[in-house]
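Worksheet: one structure, shown below.
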Amino acid sequence: MAVREIKGWSAITHLPKQPDYVRGVLNLRGVIVPIIDLRCRFGQGVTEATPLHIVIIVQIGARQVGLLADRVLDIVAQDASQIQPVPKIAQAARIEFLSGLVTVDDVMIALIDLPNLLNSRQESELAN
């Protein structure tokens, strides 16, 4: 329910001295929105963004944040009872960003823990 909109990739303004996963900011109807590269945030390298990439605008607390992603395949609604916990063996670096797992049509979907995606340290970095 945190997703506000999905938009195509567009030019962003890069900011100095930001973590690699903070690609820059985007002016979205007068609101400055930081853009987080999900691939980079999950430790899989920086995304070489093209016009085929998308930005998912989400609400995390009181702020809007853009998440750079490869694509959106579908929008699904799941009952909270269908969410399975992340296995304990997998709880290592970068897994703390997941809030659970859901199976839809025999495909496993990892749910991103949006508040944890930007913990207090990252939020303070974005505010500077």
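The values are calculated or read from the model by the stated rules, or taken from the named source; none is laboratory data. Predicted, not measured: the structure shown is a model, and the values here were computed from it. So basically every Cβ, Gly included, is an ideal-geometry build from the backbone, and we count neighbours across all protein chains shown. Heavy atoms of the whole protein, side chains included, go into the accessibility calculation; ligands, DNA and RNA do not. Shrake-Rupley method; radii C 1.70, N 1.55, O 1.52, S 1.80 Å.
Descending by average beta-carbon neighbour count within 10 Å, the peptides 64-70, 48-54 line up as 64-70, 48-54, the highest first. The charge dipole of the range 25-77, taken about its Cα centre with unit charges on the Cβ of Lys, Arg, Asp and Glu (plus for the first two, minus for the last two), comes to roughly 180 debye. 3J(HN,Hα) along the range 35-47: 10, 9, 7, 4, 4, 5, 4, 8, x, 10, x, 7, 6 Hz, from the Karplus curve 6.51 cos²θ - 1.76 cosθ + 1.60 with θ = phi - 60°, whole Hz, x for Gly and Pro. Evaluating 6.51 cos²θ - 1.76 cosθ + 1.60 at θ = phi - 60° for every residue in the range 73-88, the Karplus couplings come out as 8, 6, 10, 10, 10, 10, 6, 4, 5, 7, 7, 9, x, 5, x, 4 Hz, glycine and proline recorded as x.
Average accessible surface for the chain: 64 Å² per residue, computed with a 1.4 Å probe over protein heavy atoms with every protein chain in place. Computed over the alpha carbons of the range 1-67, Rg followed by Dmax gives 11.4, 32 Å. For SER99, nonlocal amide neighbours, meaning residues 5 or more places apart or on other chains whose placed amide H falls under 5 Å from its own, are LEU111, ILE112, ASP113.
Within the accessible surface of the chain, defined with a 1.4 Å probe on protein heavy atoms only, the carbon and sulfur portion equals 55 percent.
Where in the chain is the longest stretch that carries no trypsin sites (Lys or Arg not before Pro) classed as loop by DSSP and with at most 11 other Cβ atoms within 10 Å? Excluding the exposed sites themselves, the longest stretch runs over 30-70.
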